[in-house]
Structure formats: structure tokens, C-alpha cells
Amino acid sequence: METLIHPMTVVEAGAELGTGVRIGPFCHIGAEAVIGDGVELVGHVTVLGATTIGAGCKVFPQAVLGAPPQNARHKGGRTTLSIGRNCTIREAVTIHTGSDVSRGETVVGDNGTFLAYTHIAHDCVIGTNATFANAATLAGHCDIGDHVNIGGLTALHQFVRIGDGAFVAGCSAVLGDVIPYGMVAGNRAELRGLNIIGMKRSGRSRAEIHAVRKAYRMIFDRSQPLAQNLARARLEFAEFELVGKIIDFMEERGKRQFTLPAAGPLSDDGADDED
């Protein structure tokens, strides 16, 4: 397939373009950029720094990929941005490279969908099949698992971890880590239950979902210390991989506290949007 570059686009010497790349007008591709096969830059797209865009991605106008980190401690060293295959990056999305005082790289997995005005800051790692709605905003150093959904106008504090399959509602402010398949909402965000629909869509069995719901109630039982609850749940639900995954996530700890349920009766009856 032929590579097509609009004559009103600037591709600096040194940039690497794959086969079948299509670049519309008024784009700027920096000298260290690597653009994979079949990538389409619709127009008015800026690709800076040591940025790699995986095959099959489509990037819409005003997106800026690979700008330097907004980190006052960054000393100007070479850092990178890596975007996986088959991502859709809509209007005015910004994704920065890593910083030279941290990971040194920002990584976005395959098959992501990032709607208009999404911001992914320096040193974040995004898993596969992520969906970020309009103006979802990540501060630096966040870790986002696979199949995570983040609603519009939601902001994550730096160093927050979001487990696989979690669902973060729109207009939320997330200050703490979110367990795999957790559902959180609010300013400040609270754990509102489990992403049951997400578990079903991922092929989890009825028995495993039932076990996760029981383990959830056990883990967040406020009458007992959390460490004791985790140990008890690991023993009682040892045969269920997803329960172990949640416990591992919580025992790993991070730099942030966990997003916890509100005080009062505990419910695990989460439901996400079908849309």
C-alpha cells in the first residue's frame, strides 16, 4: 500500500514511516518519530520527541503526541512515548513522553480508544483495550490495567493504579487505587461496587462472579483489619483466579491509598453503562 503525505505537512529528516501511512495537511512529524504501517494522521497532528505509533492507529486533528513531560524535576534527557497498535486518538488528545527522573517512558497498549481532550501525562502505563471518554485526565506515573473504562471529565491523581476491568464514572476525582473490576464514582471517588457487566463481557463464569462478590464483602468488612480480611479471602477463595488477582493487587500496595466504599451498608451491585 502506498504511503501518502500531504504537501503541506512537515516530516523531519530521520523520521521513520511504515508502509501505507497516510498523513493529512498541516501535520508536523519530528525527527525521532516512528510511524507504523497503516497509520493515519488526519491533519493538524503533531508528533514530537522519541515517539512510536503502532500499526493501524488513527489520529485526529489537534492531537499532540510526544511533547516533553510537565514535570519540574525533568532535566531534559531523552525519554520516550510508545503507543500500541490499532488505537483511536481523537481531537486534541495530548500524551507526553516519560521523565528522566522516573520511568523515562510513557506506554499506551494496543486497541485503545481516547476521545477528545484526553490527557495522559508523563510516565503513565496504559494497558490494552482502554477506553477514555472526553477530557479524561491522568496525572503522571499512573498505572492503568487492561479493559479499563474512564468516564468523561474524570481526573486521576498522580501514582494512582487502576486494576484490570475497572470502571470509573464520569466527573470523578480519583485519589486512590481502584481494585480490578471495581466501580468508582464521585468527587472524591468512592468504591461503589463491582463491574459485574464487565466481568460477564470478559467471559467470567457465574461461579467466579459469585465468588468475587462474596470476597468483596469479606475484604471490605470494616469490623476486621484489612490485612486479616485479605488473608481470610485468599484461603477461602483460593480456587478463583480473579479473587487472587484482586488480593494480589491490594497486597502489592502503591503510593496511594485505596479507593474504598463509603461508610454504611456494603453493596457489591455495580453496573456499568451498556452504551
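Within the chain, what is the number of lysine pairs with alpha carbons under 20 Å apart, leaving out pairs fewer than eight places apart on the same chain?
So the count works out to 4.
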Worksheet, complete the sentence: For the chain, the helices passing both cut-offs (Cα extent along own axis of 27 Å or more, Kyte-Doolittle mean at least 1.0, full DSSP H runs) are none
Fill in: Mean ellipticity per residue at 222 nm, deg cm²/dmol - from DSSP H runs of n ≥ 4 across the chain, formula -39500 (n - 2.57)
-4500 deg cm²/dmol
Worksheet item: Not counting the cut sites, what is the longest span of the chain without GluC sites (Glu not before Pro) that DSSP labels loop and that have at most 15 other Cβ atoms within 10 Å?
Response: 13-238
Discussion item. If I model a spin label at Arg22 and Arg253 as a point 7 Å from the Cα along the Cα→Cβ vector, what separation in nanometres do I get?
Written reply: 5.2
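Every read-out reported here was derived from the displayed coordinates using simple, explicitly stated rules and does not represent laboratory data. Please read all numbers here as calculations on a predicted model, not as lab measurements. Cβ: placed from backbone, ideal geometry, glycine included. Neighbour counts: every protein chain shown.
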